[in-house]
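Following: one structure in structure tokens, then a few remarks.
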Amino acid sequence: MTDFNDRERAEEAKFARDEEMHFRIHARRNRLLGEWAAQKMGLSAVEADAYSKSVVQADFEEAGDEDVIRKVLGDLVSSGQDTSEAEVRAALDAKAVEARRALMGEG
């Protein structure tokens, strides 16, 4: 019975680590996307930092990525940038790869 309990605890610990890593990758991806958008909008370093944080916060509005895409696309269009939803989605995908590589390198 002890082996089963040990295995169960190990699985629970692995699940918790995986969930934490998933959260960290998404947060970093969103920050990187915010930096990308801030650069396109020509924001200063301080403004870009604040904007990146607001993109991370936007991800907590609803499940999925639509809230982040909607925010970034809306902000880019409002600032007069010629962009599309497809371009924002492509940037989001690229930043996800970048975030995953950066965090996996830390571990």
(Q) For region 58-81, which positions are under 20 Å from residue 98 (Cβ atoms) and modelled with pLDDT of 95 or more? (A) 68, 69, 71, 72, 73, 76
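Among the residues of region 26-55, count how many are under 16 Å from residue 96 (Cβ atoms), of a type in the set (A, V, I, L, M) and surrounded by fewer than 19 Cβ atoms within 10 Å (Cβ to Cβ).
Our first condition is that a residue be under 16 Å from residue 96 (Cβ atoms); within region 26-55, this holds for 26-37, 52, 55.
This time we only want the ones that are of a type in the set (A, V, I, L, M), so: 27, 32-33, 37, 55.
Filter again for surrounded by fewer than 19 Cβ atoms within 10 Å (Cβ to Cβ), leaving 27.
Going through region 26-55 one residue at a time, the tally reaches 1.
In the list 17, 89, 70, which residue meets the criterion of being surrounded by fewer than 17 Cβ atoms within 10 Å (Cβ to Cβ) and farther than 27 Å from residue 105 by Cβ? First the steps, then the outcome.
Values: 17 fails: farther than 27 Å from residue 105 by Cβ; 89 fails: farther than 27 Å from residue 105 by Cβ.
Going through 17, 89, 70 in turn, just one is surrounded by fewer than 17 Cβ atoms within 10 Å (Cβ to Cβ) and farther than 27 Å from residue 105 by Cβ: 70.
The values are calculated or read from the model by the stated rules, or taken from the named source; none is laboratory data. Keep in mind that what you see is a predicted model, and the values were worked out from it rather than measured. Note: ideal-geometry Cβ built from the backbone for every residue, glycine included; neighbour counts use all protein chains shown.
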